[in-house]
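Notes for the one structure printed next.
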Amino acid sequence: MSLSGLPAGIATGVGSWPGTDPREAATVIVGELTGLPHLVELPARGVGADMVGRASALLVDLRFDTTPRGYRLAARPGSVSRRASDLLRTDLDALQEAWENAGLRGSGRPVKVQAVGPLTLAAQVELAGGHRVLTDRGAVRDLAESLAEGLAAHIAEVGSRLDAEVVLQLDEPSLGAVLAGSLRGASVLNTVAAVPEPEALAILETVLASQSVPTVVHSCASPPPLAFLGRTSAAALGFDPAAVSGTAGLDALGEALDGGKHLVLGLVPATRPAAAVTWRETAEPGARLVDRLGFPRADLARRVTVSPACGLAAGPLSWARDALRLAVDTAKAFTQDPESLVAG
């Protein structure tokens, strides 16, 4: 384990997975990701199975309904919240079965769970009147507090079922748009006002500070808001390093490392590239990155976890399997002989 409390020098997944079979998915994940398996999301199953819909099964005293645009807060539990809860229960049962079949109960191997972060959740879910939750600061606060409480209970259940330590990943793909004020409002003529960074940080910390396990904040935004993420209490930052450009992004990343952050580098493509990719081709950008930042190559083994760039649900199952193996091989390269990789 690294100083952050997260496993270092290993590979993990981001979250989503192709297909609709939770038992098959759990078996593959547990078998391939020997360092940090995760509880997958299977969005192909429809309503309640995607990242935002799953939150309806995690929130305390708040539930969702559907609209033509997505999800909205509902006055009472309905079919959407029941379906989300049933799907999550099925996924947990499948993971527990795969975990026990692999003889991992009490083995000391950690497991990761993912959830949509409070800012993205408030950006993607509507109030009853059609406006985004993000437009009502009181509703945002209630949503963040509900998510914090629900996640603590979820983490406790997963840890108890598997007899394992748990890592929490919060996914914030809408974070850049929230900070920039570029989200569309209730009509095409309006946008949602930007959330000031101190306020956005307080919202995110409502969830992060309520957890007693190591936390990761992951963002697929391009570019990832690394300066903002570096100010959070999260132990680790997850992002696609190919999306980091310019001096400002590198400076923010260097400051995060100086501040003790762990990195989850999305070095493996989320969808199958046109040409075959080798582990060396995925490992070399990580080596170049630490070289440019002025950190020793040994930090690739001490402070980096390897992952796909984003969730894998958009591609075929064959690529999802290949992507995990590439991530594992890349992590091995970082731990076994990082100095042999291309010079910076």
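Structural remarks
- Paramagnetic reach from Ser107 (point 7 Å along Cα→Cβ, amide N under 19 Å) across region 288-318: 306
- DSSP bridge pairs, the chain: antiparallel proportion in percent, nearest 5: 20 percent
- A Gaussian network model of the chain, with springs between Cα atoms under 10 Å, assigns the largest mean-square fluctuation among Arg54, Arg325, Arg184 to Arg184.
- Accessible area per residue (1.4 Å probe, heavy atoms of protein chains only) ranks Arg231, Arg321 as Arg231, Arg321, with the largest value leading.
- Rounded FRET efficiency, nearest 0.05, which uses the C-beta distance separating Glu255 from Arg76 and R0 of 45 Å: 0.45
- The relative contact order of region 232-310, computed from alpha carbon pairs under 8 Å that lie at least 6 residues apart in sequence, is 41 percent.
- Across the chain, Cα-Cα pairs more than 28 Å apart make up 39 percent of the total.
- Heavy-atom accessible surface of the chain: percent carbon and sulfur, 1.4 Å: 51 percent
- Of all complete DSSP H helices in the chain, those with a Cα span along the helix axis of 30 Å or greater and a mean Kyte-Doolittle hydropathy of -1.0 or more are 79-101, 137-162.
- A simple spin-label model places the labels of Ala248 and Gln96 4.8 nm from each other, with each point 7 Å out along Cα-to-Cβ.
- Full-extension gain in nm, Thr66 to Arg325, via 0.36 nm per residue minus C-alpha separation: 89.6 nm
- Subtracting the Cα-Cα distance of Ser182 and Ala128 from 0.36 nm times their residue separation leaves 17.3 nm of extension gain.
- As a calculated quantity, the FRET efficiency between Ala275 and Asp136 at R0 = 35 Å, using C-beta atoms, amounts to about 0.15.
- For the pair Ala314 and Arg89, the difference between a 0.36 nm per residue extended length and the Cα-Cα distance amounts to 78.7 nm.
- Ranked order, Glu24, Glu149, Glu205 - accessible area, probe 1.4 Å, largest first: Glu149, Glu24, Glu205
- Ranked by solvent-accessible area (1.4 Å probe, protein heavy atoms only, all chains present), the residues Val116, Val342 order from largest to smallest as Val342, Val116.
- Of Ile155, Gly185, Val113, farthest towards positive along the dipole that unit charges on Lys, Arg, Asp, Glu beta carbons give the chain: Gly185
- Ligands, DNA and RNA aside, Arg302 has an accessible area near 130 Å² when probed at 1.4 Å.
- When the square roots of the Cα gyration tensor eigenvalues are ordered a ≥ b ≥ c, the ratio a/c for region 197-246 is 1.5 or more and a/b does not exceed b/c, which makes its shape oblate.
- Accessible area per residue for the chain is 40 Å², calculated with a 1.4 Å probe on protein heavy atoms, without ligands, DNA or RNA.
- Options Val80, Thr67, Gln96, ranked by Cα towards positive dipole end of region 33-108, top entry (Cβ charges): Thr67
- For Lys112, solvent-accessible area (1.4 Å; no DNA, RNA or ligand), Å²: 0 Å²
The values are calculated or read from the model by the stated rules, or taken from the named source; none is laboratory data. Nothing here was measured: the structure is a model prediction, and the numbers come from that model. Heads up, the Cβs are rebuilt from the backbone with ideal geometry, glycines too, and the neighbour counts pull from every protein chain shown. When the accessible area is computed, the model is the full protein with side chains, heavy atoms only, and any ligands, DNA or RNA have been set aside. Shrake-Rupley method; radii C 1.70, N 1.55, O 1.52, S 1.80 Å.
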